[in-house]
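The values are calculated or read from the model by the stated rules, or taken from the named source; none is laboratory data. Quick caveat: nothing in here was measured; it's all calculated off a predicted structure. Here Cβ is always computed from backbone atoms with ideal geometry, including for glycine, and neighbour counts include all displayed protein chains.
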Amino acid sequence: MGIWTSYRLRLQRKRWKLRARRKGRDLTAVQDRTAQILPDDILLFCTFRNEDVRLPYFLDYYRELGVNHFLLIDNDSSDGGQQVAADQPDVSLWTTKAGYGDARYGLDWLTWLQGKYAHGHWALTVDVDEFFVYPFCDTRPLRALGDWLDASEVRSFGAMLLDLYPKGAVSKAVYTRGQDPLTVSNWFDAGNYTMKRNPLLRNLWIQGGPRARTFFADKPKRSPALNKVPFVKWQRPYTYVSSTHMILPRGLNLVYDQHGGEKTSGILLHTKFLNTFGGRAAEEAARAEHYRKGEEYKSYADRYGADPDLWCKWSEQYINWRQLEMLGLMSKGNWA
C-alpha cells in the first residue's frame, strides 16, 4: 500500500508539472530581470491582482527581511500595481489575463516559474497580504534561517496563517499606500484552533481563528485552512498541491515534530481585514475564481455586509514573535 501510494503521488506530481509547463504559456514577461539572480539568492514568488495599495510596503518588508529577488505574476490588474512592480530593480514581472481558477488558483503559473528559476534556492511563496515571521526575525535575516536549515539538513519550513483584524468594524481600519498594515489591524485569536493530520500527504490541517468563528460558525469544517509551508529549499520536481498548504514530495510536509517535541516554526501574519476588504470580497465573490467558486468570499459578502467586527474579549494585540511563541502558536525549537 505504501509503495502504491508513493507511486500515485509521484505520477500526480509529474502531471502537475506537465500542466504547469502548458499553463506557463499564459504568462507574458513584462520585466524579466532573472539574469540578475545569483546562485545563493533568496527568492520570493507571488501572484497578485489589483494590489497597487499594498505592494510598496510588501516589497519593502521582504527586502528588509532578506529577499534578494521577487518573481511576481500580475493576474490582469486594472489599477497601477503592474507598473509599481515593473519599476522595481529587484522584481521580475509576468502578466496574464487567463483565469486564476483554471490555473489551479495560480499554482500552475507559480510552479512553472519555480521550476525554471528556483532550483537550488530558498524560495518563499506568499500572498501580498501575508507577512512572514519566524524566530529571531527581528535580529536574524532570512539568510540566517536558510543557513541554519541547510546545516540541519531541513528542506522546508512551516508557518501557521494568523488572521489579524482591527478593534471595531473592518471598514474603520483605513489603510494608506505604503503603510504598515499592522498599525491599523493588529489583533488576533490566541486560541480557537483545531488540528488534524492528513494521512495521505502527512501535513497538519489547521483551522479556526476569527474567520471560523465569525463566517463559518455553522460549518467549521469548511473554514479556511491555516497550515502553510511557505519557505522551501526548492528543487525542480517539487510542486505545491493546494496553495502553500501542502507540497509534494510529501516528506516536505513534515514541518512538525513527530515525537512529542517542538520543531522550529513560524507565522504568516495575514492582513486581509482592512478597509479594502469589503470591496475585494464582493469582487471576488462575483468573479468566482477562487477555491470552490469563491465560496469563502461569498460567505464574507453574505454576512455583515463584509464589514464585520471580529474583535472579542479574548482577542490579543500583536506585539512580536516572542509573544506568539509564548502563546504556543510558533516555536523556536532548537534554534538558539
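For segment 250-271, enumerate the residues that are under 19 Å from the mean Cα position of the chain (by Cα) and either modelled with pLDDT under 95 or more than 30 Å from Gly168 (Cα to Cα) (or both).
Arg250, Leu252, Asn253, Leu254, Val255, Tyr256, Thr264, Ser265
If you go through segment 72-87 one residue at a time, do you hit one that is modelled with pLDDT of 95 or more, under 24 Å from Asp138 (Cβ atoms) and touching a Cys at 6+ places or on another chain (Cβ under 9 Å)?
Scanning segment 72-87, I find no residue that is modelled with pLDDT of 95 or more, under 24 Å from Asp138 (Cβ atoms) and touching a Cys at 6+ places or on another chain (Cβ under 9 Å), so the answer is no.
Name the one entry in Ile37, Ile42, Ile3 that is β-branched (Val, Ile, Thr) and loosely packed, with under 14 Cβ neighbours inside 10 Å.
Ile3
Taking segment 80-121 as the region of interest, how many residues are surrounded by fewer than 23 Cβ atoms within 10 Å (Cβ to Cβ), farther than 27 Å from Met246 by Cβ and not aliphatic (A, V, I, L, M)?
Count: 9.
Of the residues that make up segment 152-160, is at least one of a type in the set (Phe, Trp, Tyr), touching a helix residue (DSSP H, G or I) at 6+ places or on another chain (Cβ under 9 Å) and in contact (Cβ under 8 Å) with a residue 12 or more places away in the chain?
Yes, that holds for at least one residue.
Pairs needed: first member in segment 124-148, touching a residue at least 12 places away in the same chain (Cβ under 8 Å); second member anywhere, among the polar types (S, T, N, Q); C-beta distance under 7 Å; at least 6 residues apart or different chains.
Pairs found: Thr125/Thr244; Asp129/Thr271; Phe131/Thr271; Pro135/Thr264; Asp138/Asn320.
Could you grab me the full set of residues in segment 188-228 that are assigned to a strand (DSSP E or B) and either of a type in the set (S, T, N, Q) or crowded, with 22+ Cβ neighbours inside 10 Å (or both)?
Phe188, Asp189, Thr194, Gln207, Asn227, Lys228, listed by residue number.
Take the residues in segment 122-157 that are among the aromatic types (Phe, Trp, Tyr) and more than 22 Å from Met246 (Cβ to Cβ), then tell me which one is surrounded by the fewest Cβ atoms within 10 Å (Cβ to Cβ).
Per the stated criteria, the residue is Phe136.
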